[in-house]
1. If I stretch the segment between A99 and N62 completely, what's the gain in nm (0.36 nm per residue apart, minus their alpha carbon distance), one decimal?
2. Using each residue's phi in region 86-95, evaluate 6.51 cos²θ - 1.76 cosθ + 1.60 at θ = phi - 60° and report the 3J(HN,Hα) Karplus result to the nearest Hz, with x for Gly and Pro.
3. What order do H81, H147 take when sorted by accessible area (1.4 Å probe), most exposed first?
4. Cα-Cα over 19 Å: which of K65/K122; K84/K179; K122/K171?
5. So between S120 and E48, what do we pick up on full extension, going 0.36 nm a residue minus the alpha carbon distance?
6. For R95, R66, what's the largest-to-smallest order of accessible area, 1.4 Å probe?
7. Write down, largest first, the equivalent ellipsoid semi-axes of region 36-93 in whole Å, where each equals the square root of 5 times an eigenvalue of the alpha-carbon gyration tensor.
8. In Å², and per residue, what accessible area does region 81-120 have when probed at 1.4 Å with the other protein chains present?
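The values are calculated or read from the model by the stated rules, or taken from the named source; none is laboratory data. Values in this document were obtained by computation on a predicted structure and should not be read as measured data. Just the protein is used for accessible areas: all its heavy atoms, side chains included, with ligands, DNA and RNA removed. Shrake-Rupley method; radii C 1.70, N 1.55, O 1.52, S 1.80 Å.
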Amino acid sequence: MSKKKHPEAAEAEQTAAAEQTAETAAESNVTEEPAAQPAEDWKAKFDELNDRYLRMAAEYDNFRKRSQREREQSYNDAVSHAVKALLPTYDNLERALKAETADAEYKKGVEMTMTQLVESLKGLNVTIIEASAGTGFDPNFHNAVMHVEDEAFGENQIAEVFQQGFQIGDKVIRHAMVKVAN
């Protein structure tokens, strides 16, 4: 048998190959349309994941800020509690400074102790509330325990300070105890 092909068979094979190529091309055109659909699915999935990522990042940022505020609040509460325990000592030192004494060394020692206590409080960011005679009365910082009619002072002015007030930042540790005029 000879391995030569008949011209009719060769022509039939070429026609079959051409038809197969046309079918393959037609199939590839058919697959291109559905390929657009998965691209849209990927974009939707990307948008969804991106949105979830942004929400999670915002949630983490809020958590971080809230934790920082809670830490600062806990610190301020702890300092406030410690300072409240020291305030009777401050009051006694203030009374000792006002008392008359003949011993100059004793008075100097009390002054040095008071100065050291005030510096320690400043180191903790504790400040004395302004409540000197003649300043305006503010119920947020002052506690009026007496009222007096005195023409030397204006309306709602502090006439006398009985006990100093303290604050840390915006938080009042102890209100200043004062006498208010008019």
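1. 7.9 nm
2. Karplus-based 3J(HN,Hα) across region 86-95 equals 8, 4, x, 5, 4, 4, 5, 5, 5, 5 Hz.
3. Per-residue accessible area, sorted high to low, gives H81, H147.
4. Too far apart for the 19 Å limit: K65/K122; K84/K179.
5. Gain on extension, S120 to E48, equals 20.4 nm.
6. Output order, biggest surface exposure first: R95, R66.
7. They are 56, 5, 4 Å, listed from largest to smallest.
8. Per-residue accessible area for region 81-120 comes out at 72 Å².
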